[in-house]
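Step one of this worksheet: look at the structure below.
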Amino acid sequence: MPAIRTQGLTKTYRVADKKPGFVGTVKHFIKRRHREIQAVKAVDLTIEPGEVVGFLGPNGAGKTTTLKMLTGLVHPTAGAVSVLGHEPFKRKAELLKQITLVMGNKQQMIWDLPPMDSLHVNAAVYGIEEKEAMRRVEVFAELLGLDEELTQPVRKLSLGQRMKCELVAALLHHPKVLFLDEPTLGLDLNAQTAVRSFLKQYNEEQQASILLTSHYMADITALCPRVVVIHEGALLYDGSLEGVVQRFAPLREVKLDLAAPVEDAVLNRFGEIEANEGRVARLLVQREALTDAVGRVLAELDVEDLTVTDPPIEDVIARLFDSGNNKGETTP
Amino acid sequence: MTPTPRITKAYFNAFYALMTTYRAEIFFWVIATTLPLIMMGIWVQAGASGAFEGFGSVDAARYFIGVFIFRQLTICWVIYEFEYDVVSGRLSSMLLHPVNPLWRYILLHAGEQFTRLPFSILFIGLSLFIFPEALWGSGEQPGTWLPQGWRVLLALACGYLAFLLRFFISYTISMLAFWIERVSALENLNYMPYLFLSGLVVPIQTLPPALQEVILWTPYPYILWFPAQLIAAPPEAMPAELIARGLLTIVGWITLFAILQQALWRRGLRHYSAMGA
């Protein structure tokens with residue numbers, strides 16, 4: 001049985017539509033106007049137990065709404081959703097004890113108390129024996145490098161320390177499905193790395209399924225062999241991380257170390273200029289035209305060194321979202 | 001899922017710890033809820049004038065000290081808490097716990113009541129110091145204030161039922177936060193009848209009998225007047241049939257509001273968009 005399965009999952013929100021200015025305010029006060037926004041459009045998704053899936057999309061693409069429906073916080077407008085065999089919006093305790101949602105911009109711990117107080121509450125709520133709960137806290141704390149932070153008020157902790165504590169609280173009950181919405185948001189590099197390796201280890205040890213959204217591509221490349229791309233509520237792509245590059249980056253990056261600077265007008269003849277900074281230039285060239293372009297570059301320019309690579313995954317995703325041309329081309 | 005004793009204890013411990021971090025604020029909050037003691041000053045004078053038959057100055061002092069005690073027990077701010085939780089999306093993390101957030105809110109209030117207790121005792125002691133006749137009686141109204149033990153226990157039980165009644169009235173209105181962004185504005189609709197029908201300002205027994213009868217069918221007199229009367233009034237003023245009627249009415253209103261709240265909760269969750277989360 002898949003850990004997560006959705007079929008035609010759709011969510012439409014009704015939002016107030018107000019014109020700006022005094023007249024708009026008066027009109028809105030007398031007669032409210034609303035419009036409907038389709039945040040998620042017929043999403044089909046299957047995630048197997050133990051799978052780690054990156055959920056990518058620009059702001060407003062429908063990622064968080066999808067996560068809210070998968071965790072049962074929001075009722076779908078249409079379609080079917082099943083998480084560990086349950087319909088999440090029914091909020092059965094049996095399911096809630098097996099899932100967790102971590103939101104980088106939200107907290108579940110009590111702000112004015114040390115994390116340990118919230119952890120005691122969670123241990124009781126999830127029915128974990130006190131001794132076992134403290135053992136788990138100890139293990140997680142060691143992996144995340146937490147110590148005295150657990151007994152300091154949450155409001156006194158740094159963002160990174162707080163997020164680590166949030167992870168301990170969210171995973172204390174050893175959930176089988178993790179929904180992580182920007183878990184490394186705003187963290188410094190060290191904290192990001194610690195969180196990533198913690199999640200990797202948790203996934204390996206617990207065989208938990210993870211659906212992860214992040215704007216940091218390092219999170220995705222470190223954790224997610226599979227990615228799902230959503231844009232304007234519809235799935236654009238579902239497949240391997242490498243496949244994103246193959247599918248959405250028909251371009252390759254050619255880096256040139258030149259003997260002398262060359263003008264843009266000249267470089268333009270070989271491909272799209274990505275950067276031209278003194279003696280170093282980077283060009284984007286169509287895959288099928290690569291051999292020809294490289295041959296001409298070597299023949300016509302004074303090149304000291306030349307390397308051909310795939311463009312960084314960040315650039316591929318950014319281009320994908322910018323273009324929006326591939327809407328609806330979902331790969332099963 | 002209803003909470004086990006362990007969950008109840010864990011919530012209570014956490015919320016008591018949380019409230020003790022605000023002890024100074026709670027002290028000032030207790031001061032802000034001393035309206036019954038102010039009303040005591042006014043009604044002691046009115047009682048001394050003999051304007052109300054069977055309600056002398058000692059009766060007034062004992063009644064309003066009782067009202068103060070049960071007001072401390074029935075303070076309820078769930079509407080503000082719930083509104084913030086819905087609007088900010090904080091409710092989402094509670095919905096992911098396998099325990100209905102209702103229990104969390106009730107135990108949050110219990111933690112606050114426990115923190116408030118020493119301050120309340122201080123104010124009761126102060127009131128008795130200022131008006132010792134409430135304790136020992138006066139020339140016109142001799143006799144020590146010593147209610148029967150079973151009445152005190154019943155009053156305490158009624159006090160907690162009164163808290164639940166006020167809580168469920170407020171919590172039911174709070175459910176509208178799923179549809180209305182500033183639901184706390186509606187609290188005034190509840191506060192005005194509470195102010196005038198609960199016995200906080202005017203003791204119900206001093207009103208015309210016909211009006212008393214109408215008021216006794218509403219939930220409000222059972223929040224303050226009824227438990228206060230159990231400890232303050234002479235036994236003949238609270239006969240068994242009035243006590244039985246009071247208990248049945250409290251339980252009836254609690255049940256009614258709890259059913260309504262649950263119905264709104266189920267519908268509200270379908271409407272919830274987890275804003276800000």
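Laboratory data are not the source of any read-out in this text; all were calculated from the coordinates shown. No experiment lies behind these values; they were computed from the predicted model shown. Because the Cβ atoms are built from the backbone with ideal geometry, glycine has one as well, and the counts that use them run over all protein chains shown.
Given the options B:L247, B:L122, B:L135, state which has the largest fluctuation in a GNM of chain B using a 10 Å cut-off (strictly under) for Cα springs.
B:L122
Multiplying the sequence separation of A:E242 and A:Q7 by 0.36 nm and subtracting their Cα-Cα distance, what value in nm do you get? Intermediate values should be presented prior to the final figure.
Values: separation 235, 0.36 × 235 = 84.60 nm, distance 2.54 nm.
The A:E242-A:Q7 span can extend by a further 82.1 nm.
Kindly express, to the nearest 10 degrees and within the range 0 to 90, the angle between helix A:159-171's C-alpha long axis and the longest C-alpha principal axis of chain A.
It is inclined by approximately 60 degrees.
Counting DSSP beta bridges with both partners in the stretch A:4-245, what percentage is antiparallel, nearest 5?
Numbers: 22 of 40 bridges.
Counting only bridges with both partners in the stretch A:4-245, antiparallel ones make up about 55 percent.
Taking a cut-off of 16 Å between Cα atoms, list the aspartates and glutamates near A:K31, but don't count ones fewer than 8 places away on the same chain.
Hits, sequence-local ones excluded: A:D17.
For a Förster distance of 60 Å, can you work out the FRET efficiency between the beta-carbons of B:Y160 and A:E138, rounded to the nearest 0.05?
After rounding to 0.05, the efficiency reads 0.95.
If you restrict to DSSP beta bridges whose two residues both lie in the protein assembly as shown, what percentage is antiparallel, to the nearest 5?
On the way: 41 of 59 bridges.
Antiparallel bridges make up about 70 percent of those DSSP assigns within the protein assembly as shown.
Averaged over peptide A:118-131, how many Cβ atoms belonging to another chain are found within 10 Å of each residue's Cβ?
Values: counts 2, 1, 6, 10, 2, 3, 12, 12, 4, 5, 0, 1, 2, 0.
Whole-number average of other-chain Cβ neighbours for A:118-131 is 4.
Quantify how strongly other chains surround peptide B:15-22 by giving the mean number of their Cβ atoms within 10 Å of each of its Cβ atoms.
Values: counts 4, 0, 6, 5, 1, 1, 5, 1.
Per residue, the average neighbour count from other chains is 3.
Please work out whether the stretch A:212-252 counts as rounded, prolate or oblate from its C-alpha gyration tensor, where a ≥ b ≥ c are the square roots of the eigenvalues and a/c under 1.5 means rounded, while otherwise a/b larger than b/c means prolate and anything else oblate? It would help to have the intermediate numbers written out before the result.
On the way: a/c = 1.67, a/b = 1.06, b/c = 1.58.
Note, shape of the stretch A:212-252 comes out oblate.
Round to the nearest 10 and give me the degree value, 0 to 90, for the angle of helix A:130-144's Cα axis relative to the longest principal axis of chain A.
Taking the Cα atoms of chain A, the angle to A:130-144 is about 20 degrees.
Just grab the label-to-label distance for B:F129 and A:T291, each label 7 Å out from Cα along the Cβ direction, in nm (one decimal).
Going by the 7 Å Cα→Cβ label model, 10.0 nm.
Which entries in the list A:K11/A:K176; A:K41/A:K97; A:K164/B:K9; A:K106/A:K176; A:K19/A:K41; A:K41/A:K68 go over 23 Å, if you measure between the two C-alpha atoms of each? Please report the intermediate quantities before stating the final value.
Numbers: A:K11/A:K176 25 Å; A:K41/A:K97 29 Å; A:K164/B:K9 26 Å; A:K106/A:K176 21 Å; A:K19/A:K41 27 Å; A:K41/A:K68 14 Å.
Beyond 23 Å: A:K11/A:K176; A:K41/A:K97; A:K164/B:K9; A:K19/A:K41.
Can you figure out the FRET efficiency of A:W111 with B:I42, using R₀ = 41 Å and their beta-carbon distance, to the nearest 0.05? Don't skip to the answer; put the middle values down first.
Working: r = 41 Å, r/R0 = 1.00.
Once rounded, the FRET efficiency stands at 0.50.
Quick one: if you stick a label point 7 Å off each Cα along the C-beta vector at B:K9 and A:T77, how many nm between them?
Result: 4.9 nm between the two label points.
Treating cross-link reach as a plain straight distance, find the aspartates and glutamates whose alpha-carbon is under 17 Å from the alpha-carbon of A:K18, omitting any fewer than eight places away in the same chain.
Partners found: A:E36, B:E181.
What does the convex hull of the Cα atoms of the protein assembly as shown come to per residue, in Å³, rounded to a whole number?
Numbers: hull volume 125.9 nm³, N = 609.
Convex hull of Cα atoms, per residue: 207 Å³.
Averaged across the residues of B:96-102, what count of C-beta atoms belonging to other chains lies within 10 Å of each residue's C-beta?
6
Measure out, as a whole number of angstrom, how far apart the alpha-carbon centroids of the stretch B:56-87 and the stretch B:212-232 sit.
Computed from Cα coordinates, the inter-centre distance equals 13 Å.
Within chain B, which DSSP H helices have Cα atoms that stretch 27 Å or more along the helix axis and a mean Kyte-Doolittle hydropathy of at least -1.0? Provide the component values of the computation, followed by the final result.
Details: long enough: B:101-130 (43 Å, 1.00); B:149-174 (37 Å, 1.41); B:240-271 (46 Å, 0.71).
TM-like helix candidates: B:101-130, B:149-174, B:240-271.
Helix A:21-30: angle to the longest alpha-carbon principal axis of chain A, degrees 0 to 90, nearest 10?
That helix lies at roughly 40 degrees to the long axis.
Taking Cα pairs under 8 Å and at least six residues apart, what relative contact order does the stretch A:88-184 come out at, in percent? Each step should come with its number before you reach the end.
Values: 111 pairs, mean separation 49.1, N = 97.
This gives 51 percent for the stretch A:88-184.
Grab the beta carbon distance between B:I121 and B:E213, set R0 = 41 Å, and tell me the FRET efficiency rounded to 0.05.
Working: r = 36 Å, r/R0 = 0.87.
My answer for the efficiency is 0.70.
In whole angstrom, how far apart do the alpha carbon centroids of the stretch A:159-185 and the stretch A:1-70 sit?
23 Å
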